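The values are calculated or read from the model by the stated rules, or taken from the named source; none is laboratory data. Given the structure is predicted, the values throughout are model-derived calculations rather than measurements. Every residue, glycine as well, gets a Cβ built from its backbone with ideal geometry; the counts of neighbours run over all protein chains shown. For the accessible areas, the whole protein counts, side chains as well, though only heavy atoms, and no ligand, DNA or RNA atoms are used. Shrake-Rupley method; radii C 1.70, N 1.55, O 1.52, S 1.80 Å.
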Protein chains: 4
Amino acid sequence: MYRVDLNSDLAESFGNYKIGLDEEVIKYVTSANIACGWHAGDPLVMEKTVQMAKNQGVRIGAHPGYLDLMGFGRRNMAVTPQEVKAYIKYQVGALMAFTKAKGEKIQHVKPHGAMYNMAAKDKDLAMAIAEGIYEVDQDIILMGLANSEIIKAGKTFGLKVCNEVFADRAYNSDGTLVSRKLEGAVIHDADLAISRVVRMVKEGKVTAINGEDIEIKAQSICVHGDNPEAVEFVRKIRLKLEEEGIQVTAISNFIL
Amino acid sequence: MYRVDLNSDLAESFGNYKIGLDEEVIKYVTSANIACGWHAGDPLVMEKTVQMAKNQGVRIGAHPGYLDLMGFGRRNMAVTPQEVKAYIKYQVGALMAFTKAKGEKIQHVKPHGAMYNMAAKDKDLAMAIAEGIYEVDQDIILMGLANSEIIKAGKTFGLKVCNEVFADRAYNSDGTLVSRKLEGAVIHDADLAISRVVRMVKEGKVTAINGEDIEIKAQSICVHGDNPEAVEFVRKIRLKLEEEGIQVTAISNFIL
Amino acid sequence: MYRVDLNSDLAESFGNYKIGLDEEVIKYVTSANIACGWHAGDPLVMEKTVQMAKNQGVRIGAHPGYLDLMGFGRRNMAVTPQEVKAYIKYQVGALMAFTKAKGEKIQHVKPHGAMYNMAAKDKDLAMAIAEGIYEVDQDIILMGLANSEIIKAGKTFGLKVCNEVFADRAYNSDGTLVSRKLEGAVIHDADLAISRVVRMVKEGKVTAINGEDIEIKAQSICVHGDNPEAVEFVRKIRLKLEEEGIQVTAISNFIL
Amino acid sequence: MYRVDLNSDLAESFGNYKIGLDEEVIKYVTSANIACGWHAGDPLVMEKTVQMAKNQGVRIGAHPGYLDLMGFGRRNMAVTPQEVKAYIKYQVGALMAFTKAKGEKIQHVKPHGAMYNMAAKDKDLAMAIAEGIYEVDQDIILMGLANSEIIKAGKTFGLKVCNEVFADRAYNSDGTLVSRKLEGAVIHDADLAISRVVRMVKEGKVTAINGEDIEIKAQSICVHGDNPEAVEFVRKIRLKLEEEGIQVTAISNFIL
């Protein structure tokens, strides 16, 4: 049987600032990545979102990022592995207080933005992130770009890992994402995007930007809740996946 | 047998900024209050200090404060009880990641600076702090100003509580601290300060600023490691307490 | 001839976070209060908003606040007069770089949120704010709650001052605003709100919450651009003021 | 006649955190680089340091950096040229409020840490910094690594520029600094360091790490005040320069 997880970045609001239709998109996803107050999010938002995820039966993950609220954690920073390891622990711990208070557990950790992208390529950084998680809780699943350095690092520490794919992004033939700066990087046709992820899940393949078929492991699909169109896309992708006989369920139900 | 704890605020350095002779003062205390990155401290400092406390056999506590690094958490802020409760959880959780990683546990939580002072008087704030701790871990001891609202709030939630006293501060006849703005608020004579705490521990009494003897429960004594003189005072107070037959030991050894 | 200014808080967006329909509301106001990066706003937003105000012929003011982005500068903080004076200078200077770069000048300074409210009542704080402005540029107009301590402080330093009124708020008989916590504090009837400000401008009077008529000096009216309804209200209030023969123009055109 | 400026990074303290023997080192330098609150410094420290520089007859410069207090502005960040331009303006403006209040002017701008190093090599970033300064005040001198991209960028905008050299650092044969990660990067022999800067000033030459003599323009020498030894070195270097007939004076006295 085919199974896949749908994950979305939630809890990105901060103080008086609201971002994301969290209440809407959470109805369709199975795993929630919760910002931990560094690149986005604050303690009240974290608390509220943990409760919302619990109410919806959605599994909870930490979404740690760089301390760069002004840049939303999307700007590369030259942090050392030792620093990033401590930053991961700090943020995962902060979320853990809120999950513990609600009788929940942290299912996974998915680094955010620039940290995610850097950890997909930089082995030392990836190892530091994996080690940070490993030291806090060895049962946490490490989610990152399919087949990248972060996945390898997680395995090295004996962590369960989750290969994440993107419905709306083009892939290079080596399995990396096509840079957003290049034409064709983003797939705007919703039906095409959906048929691609269905194929990723069922066949383990996707057509790269050069036309070549490449192998890809799709355990979780990243979706967005920034605006009504995005939420509608999530609703459709979930529906289509289920129509195709793919069970949409949290990663902890099939990554063992 | 008389027993008392010596606690000190540690891990207040931040990035390139160093504060406190942590490596020195930790030799003499039994409980360490670790700043959690809001009013002071950062993840690397927290990690290092947790390790140092473990090495020295010193018990670890969280020292949460307001998000006011520029004011070192010493400026009153009009936060709501709901906010402070979430802030406590966030900071306690962040520290918990580091203690968990070292196989240690958080012994206590002692609010810092303005939060400490406000919680000593404001019942709603005190209750919110106690509830935040209670929700994260019911085994944590809540440390605060002896006989103040924070102690009552901890008891209301069934938490173990620790009455803290100050060696170098004068008391009003109602058990509150004499404001630093008033003459005589700080006791500069080290021998007098020490003899006062010995009496607090042995007799449960201290002479208030108006000359009256008042009752005070001394379970932990707050000491400082800001400079060599402060550290020397800590060394002396510990020696004197032991000479007086008072066992200096972490609160978790006698607050049950 | 009757004249009044319409002012609105702009440039409150921060990084990836958007707040306010600045492009809409700026069409109807005559003075823009620009957040300076402490409670809201960032350098890119400041730069863009200064340009937008210049394009629209709207005069520019600094809107300094407390360093509390998480609380949007709305939480009282126990800062000293010396601190607030330095904070005012820092933020006014930061904005001055952007106005200078565009060949514009800072017309006014209006403290934000908690700083605004505290300065309306606390003479020492009000004097510190006025002194900070005075030291940076004696031609800047100080805007604050009509007839409050901040207006008196501005006059003491020989600054030009602007008495601000609120269209949608009830007043106590002493000229202070009715606390938002009390019933009737906010006037939801747009027509009533408008007729009240027309009377404030023409007669210098408003009916206080106890039914009594009180004197009030209305030199600028605070309006909001948070949502389409708010913007529509601003459009209406401007139209109505002009129908009533009141010239809507920036304070620097009539406060000399 | 030979002339050179001695500059030092001051005002790096923050809130309760103290860094640098500013009161000592300021006696020997001719230009002070004042941190502007992003990577270090706060408004009170800026105000105090501007006054101190004025009292000592030391000229004032802005020392803007990345918004990374935790990393002291020493970590590379992938900011865009548009962002860095706005950040420069914000920080220069903030300092300008304090200099204006004391009847002083900003003599120069020297980017800090990672921004300094990135701007020495990255033309787009260098141009953005120069443009930001140009837009705020065309009389400000742009100080940066001798003969690097930042110097070229300043000239492109018609700004006066100041070539800075380091007494205690080894140079590559292309005029760049030897990375601190490599052996021999830092010159620990004070007499050697001093004789090198004397030669840089008098002959315009320095021996690179490969033994080759290279040309270098030395208009300002960077010195430090972190500890008593550093201050003593500054005292000695100033004395030696004067003994060698080199006038030690602020850059605005000879860069026209």
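How large are Rg and Dmax for the stretch C:6-60 when calculated on the C-alpha trace, in angstrom?
Cα-based Rg and Dmax for the stretch C:6-60 come out at 10.0, 28 Å.
Please state, rounded to one decimal and in Å, the Kirkwood hydrodynamic radius that the stretch A:2-253 gives when every pair of distinct Cα atoms enters the mean of 1/r.
The Cα-based Kirkwood calculation yields 18.0 Å.
Using 0.36 nm per residue, how much length does the chain from D:Val186 to D:Leu239 gain when fully extended, once their Cα-Cα distance is taken away?
Additional length available on full extension: 16.9 nm.
Could you work out the mean count of beta carbons from other protein chains within 10 Å of each residue's beta carbon in D:10-20?
5
Dipole size in debye (nearest 20) for the stretch C:201-256 around its Cα centre, Lys and Arg Cβ +1, Asp and Glu Cβ -1?
Its charge dipole is roughly 180 debye.
Given charges of +1 on the Cβ of Lys and Arg and -1 on the Cβ of Asp and Glu, with all other atoms neutral, how large is the dipole of the stretch C:2-253 about its Cα centre, in debye to the nearest 20?
On the way: 31 positive and 34 negative charges, 85 e Å.
Charge dipole of the stretch C:2-253: 400 debye, to the nearest 20.
Give me the percent relative contact order of the stretch C:1-75, please, defined on Cα pairs under 8 angstrom at least 6 residues apart. Mind showing how you got there, number by number?
Values: 131 pairs, mean separation 23.8, N = 75.
Relative contact order comes out at 32 percent.
So, in Å, what gap is there between the alpha-carbon centers of the stretch C:207-256 and the stretch C:1-45?
Distance between centres, Cα-based: 16 Å.
Hey, can you list the residues from the stretch B:39-55 whose accessible area shrinks by 10 Å² or more with all protein chains present, relative to the chain by itself (probe 1.4 Å, no ligands or nucleic acids)?
B:Asp42, B:Pro43, B:Leu44, B:Glu47
Hey, what number do you get for chain D at 222 nm if only DSSP H runs of n ≥ 4 count, each worth -39500 (n - 2.57), divided across all residues, to the nearest 500?
Theoretical 222 nm ellipticity from helices: -12500 deg cm²/dmol.
Have a look at A:Asn227, A:Leu159, A:Tyr116 and report the one farthest towards the positive end of the charge dipole of the stretch A:2-253, computed about the Cα centre with Cβ charges (Lys/Arg +1, Asp/Glu -1).
Looking along the dipole axis, the top candidate is A:Leu159.
How high is the relative contact order of chain C, in percent, with contacts defined as C-alpha pairs under 8 Å that are six or more residues apart?
Numbers: 548 pairs, mean separation 57.0, N = 256.
With pairs under 8 Å counted, the relative contact order is 22 percent.
Counting partner chain Cβ atoms within 10 Å of every residue's Cβ in A:80-93, what's the average?
Per residue, the number of nearby Cβ atoms from other chains is 6 on average.
Which value in nm describes the separation of the simple spin-label points at A:Lys123 and C:Asp213, placed 7 Å from the Cα toward the beta carbon?
8.5 nm
Normalised radius of gyration for the protein assembly as shown, please: alpha carbon Rg relative to 2.2 N^0.38 Å, two decimal places.
Working it through for the protein assembly as shown, the quotient is 1.00.
Could you order the peptides D:126-132, A:71-77 from most to least packed, using the average number of other C-beta atoms within 10 Å per residue?
D:126-132, A:71-77
Greater than 22 Å separation of Cα atoms is the criterion. Which listed pairs, A:Lys54/B:Lys85; B:Lys85/C:Lys123; A:Lys110/A:Lys155; A:Lys110/A:Lys160, meet it?
With Cα atoms farther than 22 Å apart: B:Lys85/C:Lys123.
Would you kindly state how much longer the chain becomes between B:Phe254 and B:Lys27 on full extension, computed as 0.36 nm times their sequence separation minus their alpha carbon distance, in nm to one decimal?
The span from B:Phe254 to B:Lys27 would gain 79.7 nm if fully extended.
Between A:Lys48 and A:Glu203, what length in nm is gained on full extension when 0.36 nm per residue of separation is reduced by their alpha carbon distance?
Values: separation 155, 0.36 × 155 = 55.80 nm, distance 3.81 nm.
That pair, A:Lys48 and A:Glu203, stretches by 52.0 nm at full extension.
In straight Cα distance, which aspartates and glutamates are under 19 Å from A:Lys240, not counting same-chain residues fewer than 8 positions off?
Output for A:Lys240: A:Asp5, A:Glu24, A:Glu164, A:Asp168, A:Asp189, A:Asp191, A:Glu203, A:Glu229, A:Glu232.
State, in angstrom, two size descriptors of the stretch C:1-134 derived from its alpha carbons: Rg to one decimal place and Dmax to the nearest whole number.
In Å, with Rg to one decimal and Dmax whole: 14.2, 44.
Placing unit charges on C-beta atoms (Lys and Arg positive, Asp and Glu negative, everything else neutral), compute the dipole magnitude of the stretch D:151-256 about its Cα centre in debye, rounded to 20. Numbers along the way, then the final one.
On the way: 15 positive and 16 negative charges, 94 e Å.
Dipole about the Cα centre, nearest 20: 460 debye.
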